[in-house]
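S.K.: There's a structure below that I have some questions on.
The values are calculated or read from the model by the stated rules, or taken from the named source; none is laboratory data. It should be emphasised that the depicted structure is a prediction, and the values quoted were computed from it without experimental measurement. Note that each Cβ is placed from the backbone with ideal geometry, even for glycine, and that neighbours are counted across all protein chains shown.
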Amino acid sequence: MIKAGGKQYRVAAEDVIRIDRVEKNPGEVVSFGEVLVVGGDTPSIGAPTVSGATVAGEVIAHERGDKVIAFKKRRRKNSRRKRGYRHEFSLIRITEILTEGKKPSDTPPPRPKREAKPKPETTEADGEGETKAAKPSKKASGKKTAAKAKKPATKGKKPAAKGTKK
């Protein structure tokens, strides 16, 4: 558990958290010194913080939240005020949790690149591949629905509306 920007976050290695904006550029390392709880085999709880514990993270990007509109109006006074606001956030990837006074490294560790998964091959048994396009749709294969019978038209004149003379 760390404290950043007046809020508490539960983090683990390789977690991505969204905190209030920090003054670091994307790719730089940010360290959090206010560590409240460190888990593991024997969890250590700080009073108020765990001494010698730091959490390091890499700034991924800076974002802005959804627009919040504050509209105030005083009725019958021709007085209104409309203000918009977008909160700024930073995306942080937690890289390491350090204890016993160790310092975080200045450069983030290299992340392994994801390998592209191979696409599943279609079987060519009977000359047709099993794809979504080869399957018949439900409407084409289902029973034909009978047309709904219409109600017979009413015979005679329409009833007169209320309050009218005949």
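S.K.: Only one of (1) surrounded by 11 or more Cβ atoms within 10 Å (Cβ to Cβ); (2) in contact with a Lys or Arg (Cβ under 8 Å, 6 or more places away or on another chain); (3) without any contact (Cβ under 8 Å) to a residue 24 or more places away in the chain; (4) of a type outside the set (V, I, T) is not met by E58, so which one is it?
M.R.: Only one criterion in (1) surrounded by 11 or more Cβ atoms within 10 Å (Cβ to Cβ); (2) in contact with a Lys or Arg (Cβ under 8 Å, 6 or more places away or on another chain); (3) without any contact (Cβ under 8 Å) to a residue 24 or more places away in the chain; (4) of a type outside the set (V, I, T) is unmet by E58, namely (3).
Per-residue answers, yes or no, for (1) within 26 Å of N25 (Cα to Cα); (2) surrounded by fewer than 13 Cβ atoms within 10 Å (Cβ to Cβ); (3) over 24 Å from the mean Cα position of the chain (by Cα); (4) charged (D, E, K, R):
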residue	(1), (2), (3), (4)
S90	yes, no, no, no
T95	yes, no, no, no
E100	no, yes, yes, yes
P110	yes, yes, yes, no
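S.K.: Which residues, taken from the stretch 4-60, are among the aromatic types (F, W, Y) and under 23 Å from the mean Cα position of the chain (by Cα)?
M.R.: Answer for the stretch 4-60, where residues must be among the aromatic types (F, W, Y) and under 23 Å from the mean Cα position of the chain (by Cα): just Y9.
S.K.: Are any of the residues in the stretch 95-102 hydroxyl-bearing (S, T, Y) and closer than 19 Å to A12 by Cα?
M.R.: Yes; the residues of the stretch 95-102 include at least one that is hydroxyl-bearing (S, T, Y) and closer than 19 Å to A12 by Cα.
S.K.: Quick check on my filter: what residues within the stretch 68-104 are touching a Lys or Arg at 6+ places or on another chain (Cβ under 6 Å) and farther than 17 Å from D20 by Cβ?
M.R.: The answer is A70, F71, K72, K73, R80, R81, G84.
S.K.: Further question on the same structure: In this structure, does A134 turn out to be at pLDDT below 70, exposed (fewer than 12 other Cβ atoms within 10 Å of the Cβ) and part of a loop (DSSP other than H, G, I, E, B)?
M.R.: yes
S.K.: For the stretch 6-62, enumerate the residues that are of a type in the set (A, V, I, L, M) and more than 15 Å from I97 (Cα to Cα).
M.R.: Matches in the stretch 6-62: I19, V22, A47, V59, I60, A61.
S.K.: Could you say which residue among F71, F32, F89 is farther than 25 Å from S105 by Cβ and among the aromatic types (F, W, Y)?
M.R.: F71
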